[in-house]
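Notes follow once the structure below has been shown.
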Amino acid sequence: MIPRALSHIIDAKRRLHLEDSIENPAWDIFISAYNDSSRVREIFRDIKAVNKSWWLLPEYAYSSEETAQLPAHISSNATNEADLISNNFDSMSIDFSASGRICIDITGFMMPHILFLLKYLRDSGVKNFDMIYTEPEHYALKAETRFTLDDVSTVRPVAGFEGQHHTSMAKDLLIVGVGYDHNPVGRIIQNKESARLAQLHCFPSLSADMYQESVLRIDRVAEGSAAQLDGQIFFSSANDPYLTSLALSETVQYFLNAGGISNLYLSPLATKPQALGFGLFYLKELEGAAASIIYPFSTRYSRETSKGVGRTWVYPVVFG
């Protein structure tokens, strides 16, 4: 038996209008991952916060010369998400018991970072904080957009999201959040080739063209690898992590009712708000169960994949 009772606390996203925080800073601590994207840099520039900090991620491979002029930046050579986040918060010397309002801009972070940030803040005693995400107007190369620049180096559980799995694999289930990068999707499916597959698609997508672009990319999984892209298809919003959490609940319940689940594997490979929804679902429902969030890790990611600055959403995170 996988989940406990599905007792979600329903939260609500809201639009961020930067002019609202011009006079009164919305947050005491604001953290963002530096990259070349306008939707990352412009938000960092315009956000009003008491303390703002850039985090430099090794996956973007910036040189010290490229970032010498950045104000208040923190870097770590750690490639494991848990080590990087722990090291960076140690460098900031934050007293979480008196830290005030915290906001993380997840737009430039990789998905394993987003997931471990959730767990780290919760385990540090932070009961509520905000995460924000800014949509692109469109992706620069549309259906040809690549987020990873290197091949997948390993598939493993995200730190802090490793389950205690059963030896029996007869009823294993893999739920994949389907996005643009078809190679990582193929690697995940190959890694759990004996498991039943459930695809979670982003619909509605961030914009009208993005769903079709992702479908065009995902069709290449079967063409370019031994992975078989079949399985049942489910849908969830691209920009609402709370709806993603509910969609995962419904998907898991469907398979429980259809005969059960021995081991559950989740892999968020679509949007970053969707990855946030995977993390919220796991922490609320799956800790201690035979369930893991697995991810196809790469060593290098594109510094810029999008054009334009779309809507910015605020996602309140509350741990009771």
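Can you name every residue in segment 276-302 that is farther than 21 Å from Asp172 by Cα and surrounded by fewer than 18 Cβ atoms within 10 Å (Cβ to Cβ)?
Thr299, Arg300
Please find, among Asp209, Asp219, the residue that is in contact with a strand residue (DSSP E or B) (Cβ under 8 Å, 6 or more places away or on another chain) and at pLDDT below 90.
Within the list Asp209, Asp219, the selection yields Asp209.
If I ask for residues that are farther than 22 Å from Ser124 by Cβ and either buried (at least 16 other Cβ atoms within 10 Å of the Cβ) or not acidic (Asp, Glu) (or both), which ones from segment 45-68 would you list?
The answer is Arg45, Ile47, Lys48, Pro58, Glu59, Tyr60, Ala61, Tyr62, Ser63, Ser64, Thr67, Ala68.
Just need a number here: residues in segment 244-273 that are among the acidic types (Asp, Glu) and over 24 Å from the mean Cα position of the chain (by Cα).
Of the residues in segment 244-273, 0 are among the acidic types (Asp, Glu) and over 24 Å from the mean Cα position of the chain (by Cα).
For segment 285-304, which residues satisfy the criterion of being outside any loop (DSSP other than H, G, I, E, B) and either acidic (Asp, Glu) or in contact with a Leu (Cβ under 9 Å, 6 or more places away or on another chain) (or both)?
Once the filter is applied, which keeps residues that are outside any loop (DSSP other than H, G, I, E, B) and either acidic (Asp, Glu) or in contact with a Leu (Cβ under 9 Å, 6 or more places away or on another chain) (or both), segment 285-304 yields Glu285, Ala291, Ser292, Ile293, Ile294, Tyr295, Pro296, Tyr301.
Considering (1) surrounded by 15 or more Cβ atoms within 10 Å (Cβ to Cβ); (2) touching a residue at least 60 places away in the same chain (Cβ under 8 Å); (3) closer than 22 Å to Leu280 by Cβ, say which one Ser37 fails and leave the rest.
Every listed condition holds for Ser37 apart from (3).
Among residues belonging to segment 69-85 that are of a type in the set (Gly, Ala, Ser) and surrounded by fewer than 17 Cβ atoms within 10 Å (Cβ to Cβ), point out the one that is modelled with the highest pLDDT.
Across segment 69-85, the extreme among qualifying residues is Ala82.
Every residue, every condition in (1) modelled with pLDDT of 90 or more; (2) surrounded by fewer than 22 Cβ atoms within 10 Å (Cβ to Cβ); (3) assigned to a helix (DSSP H, G or I), yes or no:
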| position | (1), (2), (3) |
| --- | --- |
| Glu193 | yes, yes, no |
| Val215 | no, yes, yes |
| Ala226 | no, yes, no |
| Phe234 | yes, yes, no |
| Ser245 | yes, no, yes |
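Name the residues in segment 93-115 that are in a helix (DSSP H, G or I) and modelled with pLDDT of 95 or more, would you?
Within segment 93-115, Ile106, Thr107, Gly108, Met111, Pro112, His113, Ile114, Leu115 qualify.
Just one of (1) acidic (Asp, Glu); (2) in a loop (DSSP other than H, G, I, E, B); (3) surrounded by 14 or more Cβ atoms within 10 Å (Cβ to Cβ) trips up Glu42, so point out which.
All conditions pass for Glu42, except number (2).
The values are calculated or read from the model by the stated rules, or taken from the named source; none is laboratory data. Treat the numbers as computed from the prediction; the structure is a model and nothing was measured. When we count neighbours, we look across all protein chains shown, and the Cβ atoms used for this are built from the backbone with ideal geometry, even at glycine.
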